[in-house]
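The values are calculated or read from the model by the stated rules, or taken from the named source; none is laboratory data. A quick note: this is a predicted structure, and the numbers were derived from the prediction, not measured. Virtual Cβ from ideal backbone geometry, glycine too; neighbours counted across all protein chains shown. For accessibility, only protein heavy atoms count, side chains too; no ligands or nucleic acids. Shrake-Rupley method; radii C 1.70, N 1.55, O 1.52, S 1.80 Å.
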Amino acid sequence: LQLSQHSLLSKTASDLNELESGIDNAIEQRNRSNQMRVELITNVSHDLKTPLTSIINYADLLCEENLPQPASDYAHALSEKAYRLKNMVQDVFDLSKATTGNLPVEKHRLDLVKLIKQTLADMDEKISESSLAFKINITDEPLMIDADGDKLYRVFQNLFVNAIQYSLDYSRVHIQLSAENGFAVAKVKNTSKGELDFDPSEIVERFVR
């Protein structure tokens, strides 16, 4: 705002200009901070991948050896934990790309019924070991959608893992899938192990379980 210094509103205009400048500086600093955070996460993820790949390779070689007990169990446990760590590092790496809008999404035509059933089948051991009863209500008819199958698989895997981890013991977890108004609608319902005493708006904030 450019006003004459003799104007009755010159002081107000000057205050508004300073406020605008302060907001611009704050936004610039925030963007710079976010960019540095993303670069740090990306670099650390890359640095972790190299030694982790070697650990996984050696662990796989140990698992192929005819080792005596309990060395054989140790080797398989080491391999399992190494692959889990690899997935965690990849998740962090993907998150850093997602925050910048650079996470590639490769959409394909897929059957959501098969994807969810496959996810449940892959997690059958964890589900069986829990005290929970999974109630599956999924249509047998194909539900074709356009989506990135790998990433959507991880979404449902995460939902089911959370249900196992945070559900009340000996309760039910309901998995529902249906077609509604031209859309495929998937629902995961469970009874929380702990009391939900938070503000409903908090559930969409970052880092809320």
In a GNM of the chain with a 10 Å cut-off on Cα contacts, which of Val89, Val105, Val185 has the highest mean-square fluctuation?
Val185
Region 150-203: Rg to Rh, with Rh as the Kirkwood radius over Cα pairs
1.03
With every atom except the alpha carbons ignored, what do you get for Rg and Dmax of region 41-149, in angstroms?
18.7, 49
At most 13 other Cβ atoms within 10 Å and a DSSP loop assignment: could you name the chymotrypsin sites (Phe, Trp or Tyr not before Pro) in region 64-122 that fit?
none
Would you calculate the separation in nanometres between label points at Ala133 and Val92, each defined as 7 Å from the Cα along the Cα-to-beta-carbon direction?
4.1 nm
Which whole-number percent gives the relative contact order of the chain, counting Cα pairs below 8 Å spaced six or more residues apart?
14 percent
Given the chain, longest segment not containing exposed loop GluC sites (Glu not before Pro) (DSSP; at most 16 other Cβ within 10 Å):
107-194
Roughly speaking, what is the centre-to-centre gap between region 135-209 and region 1-77 when only Cα atoms are used, to the nearest Å?
28 Å
Projected label distance in nm at Thr53 and Asp197, using a 7 Å step from Cα toward the beta-carbon
4.9 nm
Quick one: if the Förster radius is 30 Å, what FRET efficiency do Arg30 and Leu85 give, using the C-beta to C-beta distance and rounding to 0.05?
0.45
What's the extension gain from Ala77 to Arg109 if we count 0.36 nm per residue and subtract their Cα-Cα distance?
7.8 nm
Count charges around Leu103 for me, please; just the other residues with Cβ under 9 Å from its Cβ, Lys/Arg as +1, Asp/Glu as -1.
+1
Proximal lysines relative to Lys193, as straight alpha-carbon distance under 22 Å, when same-chain residues fewer than 8 apart are discounted:
Lys126, Lys135
Could you pull out the chymotrypsin sites (Phe, Trp or Tyr not before Pro) across region 94-179 that fall in loop regions by DSSP (anything but H, G, I, E, B) with no more than 12 other Cβ atoms inside 10 Å?
Tyr170
Cross-link reach from Lys86 to lysines, straight Cα distance under 18 Å and at least 8 residues apart if same chain, gives Lys49, Lys97, Lys151
Among [x] 46, 23, 16; [y] 33, 21, 12; [z] 45, 28, 19, only one was calculated for this model; which label is it, if the read-out is semi-axes √(5λ) of the Cα gyration tensor in Å?
[z]
Per residue of the chain, what 222 nm ellipticity follows from adding -39500 (n - 2.57) for every DSSP H run with n ≥ 4, rounded to the nearest 500?
-20000 deg cm²/dmol
Under a 1.4 Å probe, what is the accessible area of region 1-160 per residue, stated in Å²?
73 Å²
Which three extents, in angstrom, do the Cα atoms of region 1-83 have along their principal axes, listed largest first?
92, 18, 9
Trypsin sites (Lys or Arg not before Pro) restricted to DSSP loop in region 107-168 with at most 13 other C-beta within 10 Å:
Lys107
